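Every read-out reported here was derived from the displayed coordinates using simple, explicitly stated rules and does not represent laboratory data. Bear in mind the structure is a predicted one, so any value in this text is a computation, not a measurement. We place every Cβ from the backbone using ideal geometry, glycine too, and count neighbours over all the protein chains shown.
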Amino acid sequence: MKRTVRTAAALLGAAAIALGTTACQAPAAEEADGPLTVWIMGDSGTNFETLVADSGIDVDVVAVPWDAIDEKLTTAVASGSGPDILQIGLSKLRTFADAGALLALDDLLADYPGLAPENYPEGVAGLSTAVGGEIVSVPWVSDTRVLFTRTDILAEAGFDAPPSTWDEVREYAKVLAARGNGNYGYYIPQWDAPLPIQMTWSEGGEVIDADGNVDFDTPEFEKAVDIYTGLYSDGSVPTNSDFDQTQGFISGIAPMLVSGPYLGKGIADAAPELDGKWQASPFPAGDGGSIALFAGSNLGVWHNSDQVETSLELLEYLAQPETQLKWFELTGELPTVNAALEDSELNSDPNVQVYTQQLATAKVLPLVSNWDGAVGTELLNALNSIVLQGADRQSALDALFSATEGLSIN
Amino acid sequence: MRNRLVPYLFVSPAMILLLAFGILPIGVAAVISTTNMNISAFASWSNVDFVGLDNYATLFADKDFWQALGNTGFFAVIGVPSIVVVSLVVALLLNRGQGRFFRALRSFYFIPAITAIVAVALVWGYLYNTQFGLFNYLLSLVGVEPVQWLSDPWLSKFSVALVAIWRGTGLNIIIFLAALQGVPKEYLEAASLDGAGGLRQTWSITIPLLRFAIFFVSVTTTISWLQFFDEPFVLTDGGPLGATTSASIFLYKEGFRLNQFGYASAGSIVLFAIIAIITIVQLRLRRADDEY
């Protein structure tokens, strides 16, 4: 009897504590003081500090490595203590929003003209990157994929211009790989999940069907697989997973590859002596044109930030064309604001002109929850098992179809 | 009456810690493993549903999970005997002298065990690198084609295991050295009077007397290989194509990359059961011969 009473008392106590905590969370917090915590992806933390030094807002920058973001997000959401502002790679946006990590901005943006959807390219503006009908982020940097080629090495092999279609890429790569001596013609990063998707788009296909479901069982995707596996079966591509793409390009071992503007920046920094011996050109075309990835990142406000207004002020500052252009100077990451993308000085560099033109037709990856983890990994596993381990093509693809079945953007 | 409570009082701090950090998490994982909990649970608890044993059914039908279990078994079969034998042999050799040179060697062998795994991985990653690695450079001097240490599905298993063996021996050498201090000199003297040589003494006296240390090292090493995580995580991230994905890495990826907490919990319960069963079997086998 006594024990029952004690248990009941303990339960009541626990319930009271639970109620107490809920009650504490309810009232809207006053705007707090102190520096804003901002999560910036990659190794650009110091650059970001330089960028916001003139904003008049006190900012505490935390640099988060790209491959640690999932773990970091999970712990931050679970513990309830996140930053005020965070950078979100577009492929992660849906996952972040599903976790309830992001504040819905629909009603808040009206006061900030710099953040209005019409300032941004259509592919990422406003509702195009909304999740569940709510705008949870604003565009920050854009990123796309173009073809990088070592023009000097191509010229030696008798090609005076970079290949413009995937058929030409295969043809050129074969000739370049025939140089022998450990040289290759082209490089496919084994972790590059968007590449086959872009090939599919460029063949005129989609990876999402009319109902919004992930669908790889299309003739266009088959053609993309032909290109992907063909480059390997031609012997044009290195098969080791620790191949260094920047070094491979600079040393000329792999003189052609598809990558983003950051590679251009990396080459210019690491090997200034190569200036004029390499160039960026549009993503190789298929039957459907040259359609590359609109990658980039958005910025969002953490769902329980106690400095929402200051955060939005900082976002407004970051959306100014001058700030965006300064960021490009610091890091080589492209702006997302139209006014900055059209800047004549920015476009005076022929490579940057290639990037901005590619962005005009670029497409965002489907906003499927956990795209990278689920679809991206399965896609790479299927294709790489064919090219690296000689798995049967049809059964590898069937495994991919069934693994991604039922995933949808809805 | 009161005296009977005293022992409980003394064990209670340890018991509370064990309950809070050992038993409770397993219980929580067991409960979560019967739900479909994923990251959307943090947005609202109403997104969590009870699914019974569905996670376990999916798990046993998941070929990636079987691959991870197979890899773990492979790693354990390679790793446990290697570590036990290598550290025992090194400890026996180190025990032959007490001079400054031997003391320096002892710390030398212990260095891998206390070096941060990320630094270790960085250095080994460079050694193994296909294009610029030292190993391939040395091979190229004798005219051997570059070897894909971490990219070939079979070779990468051995490459990763080698780093773990290299790292795991240090601590066990210390344990064996400590146990060697407990081998009575009289036995060895008596044996040498009887005309037994060094090898014979080691084989018939020292090693049997080290039986408990060998047992201890085998059990702890087995457990650590069944939980194998660090080396493949930092060297290959479980690749190429899952060839070095251990059970722990599989669980980590499901739980923290794919945010399938329910599914990952089910896997962790299965792994826990496997480790528990293997350890119990080892303890039972030992009980049969603890007299000598």
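Per 5 Å bin, what percent of the C-alpha pairs of region B:72-114 does each bin hold, from zero upward?
For region B:72-114, the pair-distance distribution reads 5, 20, 22, 22, 14, 9, 6, 3, 0.
To the nearest whole percent, what portion of all C-alpha pairs in region A:283-339 is separated by more than 12 angstrom?
The answer is 75 percent, as a whole percent.
Using the number of other C-beta atoms within 10 angstrom as an exposure proxy, rank B:Glu186, A:Glu134 with the fewest first.
Details: B:Glu186 8, A:Glu134 13.
Fewest to most other Cβ atoms nearby, the residues stand as B:Glu186, A:Glu134.
Using a Gaussian network model of chain A with C-alpha springs under 10 Å, which one of A:Glu71, A:Glu206, A:Glu118 is most mobile by mean-square fluctuation?
Largest GNM mean-square fluctuation: A:Glu71.
Kindly state, to the nearest 0.05, the FRET efficiency for A:Asp209 paired with A:Arg179, given R0 = 51 Å and r defined as their beta-carbon distance.
The pair A:Asp209/A:Arg179 has a calculated efficiency of 0.75.
Helix-derived [θ] at 222 nm for chain B: sum -39500 (n - 2.57) over DSSP H runs of at least 4, divide by residue count, nearest 500?
Working: 14 runs with 198 residues, N = 292.
Calculated from helices alone, the mean residue ellipticity at 222 nm is -22000 deg cm²/dmol.
Please state, rounded to one decimal and in Å, the Kirkwood hydrodynamic radius that region A:169-218 gives when every pair of distinct Cα atoms enters the mean of 1/r.
The answer is 13.2 Å.
With axes computed from alpha carbons, what is the tilt in degrees of helix A:377-389 against the longest principal axis of chain A, rounded to the nearest 10 within 0 to 90?
30
Can you list, largest first and rounded to whole Å, the semi-axes you get for region B:1-159 by taking the square root of 5 times each eigenvalue of its Cα gyration tensor? Present the calculation step by step, with values, prior to reporting the outcome.
Details: eigenvalues 368, 212, 48 Å².
The answer is 43, 33, 15 Å, longest axis first.
Taking the convex hull of the Cα atoms, report for the protein assembly as shown its projected area averaged over all directions, in nm².
Projected over every direction and averaged, the Cα hull of the protein assembly as shown covers 41.6 nm².
Would you kindly work out the equivalent ellipsoid of region B:152-195 from its C-alpha gyration tensor and give its semi-axes, the square roots of five times the eigenvalues, largest first in whole Å?
Sorted largest first and rounded, they come to 39, 14, 4 Å.
Among B:Ile23, B:Ile275, what is the fewest-to-most ranking by other Cβ atoms within 10 Å? Mind showing how you got there, number by number?
Values: B:Ile23 11, B:Ile275 15.
By the 10 Å Cβ count, ascending, the order reads B:Ile23, B:Ile275.
Using only the Cα atoms of chain A, what do you get for the radius of gyration and for Dmax, in Å?
Cα-based Rg and Dmax for chain A come out at 24.0, 95 Å.
Quote the relative contact order of chain B in percent (integer), defining contacts as alpha-carbon pairs under 8 Å separated by 6+ residues.
Computed over chain B, the figure is 29 percent.
Using a Gaussian network for chain B with springs between C-alpha atoms less than 10 Å apart, which of these wobbles most: B:Val11, B:Val183, B:Val234?
B:Val11
Going through the cross-link list A:Lys72/A:Lys92; A:Lys174/A:Lys265; A:Lys92/B:Lys253; A:Lys277/A:Lys326; A:Lys223/B:Lys253, which pairs have a Cα-Cα distance over 19 Å in this structure?
A:Lys174/A:Lys265; A:Lys277/A:Lys326; A:Lys223/B:Lys253
So what's the Cα pair-distance distribution over region B:62-287, bin width 10 Å, in %?
Computed distribution, short to long bins: 7, 26, 30, 22, 12, 3, 0.
Kindly express, to the nearest 10 degrees and within the range 0 to 90, the angle between helix A:308-318's C-alpha long axis and the longest C-alpha principal axis of chain A.
Approximately 20 degrees, to the nearest ten.
Would you mind pulling out the separation of the Cα centroids of region B:89-121 and region A:167-208, in Å?
Computed from Cα coordinates, the inter-centre distance equals 48 Å.
What 222 nm value per residue comes from the helices of chain A, counting each DSSP H run with n ≥ 4 as -39,500 (n - 2.57) and dividing by all residues, nearest 500 deg cm²/dmol?
Calculated mean residue ellipticity at 222 nm is -12500 deg cm²/dmol.
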